[in-house]
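Contents: one structure, followed by commentary.
Where a number appears in this text, it was derived from the coordinates with a stated rule and is not lab data. Keep in mind that what you see is a predicted model, and the values were worked out from it rather than measured. Neighbour counts are summed over all protein chains in view; Cβ atoms, including those assigned to glycine, are modelled from backbone coordinates with ideal geometry.
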Amino acid sequence: MAIGERTRRSRVYKEALDRAKSFMDNPGKLDGLLGRARTKAAAKHDALRKISGQVSLLLDLVKYYRLGEYRDVSAKAILLAIASLLYFVIPADLIPDVLLGFGYIDDVALFGWTINSIGDELKKFEAWLAVHRSPMGRPKTPREGLLIEGELAED
């Protein structure tokens, strides 16, 4: 059985999936999770290097869902994303993170499975994000990108 399959069948992941439901509509819990996951992802960038862009997109999906700015996503996709983030921040998962060189194999496998499972929704979100995020990486204000009568557009 592949590591991804074992990870999804593990008691720790099943608990993370059950707990994910309580995070969906609790902004405080979700903010805490996002903060811990972003910090850990930044610290473990080398371990996640092949999927770091997709993990960042997953984090942004959950963030914009939490802010109420992006809701064109299924509840199942959000649950899977949150469960993957919960699993990632738990140090005692299928392969403990303290095992140098091996501790993140299960996390990477689970992220890969989640990204593949909700791939169409991630692509849709990525297209939305490209339109709604300014070049500086922050959300666009309602006025940004609009040409107001009497103003000149800048090249």
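Tabulated data
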| quantity | calculated |
| --- | --- |
| Simple Cβ-charge dipole of region 9-132, Lys/Arg +1 and Asp/Glu -1, about Cα centre, in debye nearest 20 | 120 |
| Under-5 Å amide H pairs with Arg133, H placed in peptide plane, nonlocal only | Lys140 |
| Stretchable slack from Ile105 to His45, in nm (0.36 nm times residue separation minus alpha-carbon distance) | 20.3 nm |
| Above-threshold pairs, the threshold being 19 Å between Cα atoms, out of Lys14/Lys76; Lys14/Lys63; Lys40/Lys63; Lys21/Lys50 | Lys14/Lys63; Lys21/Lys50 |
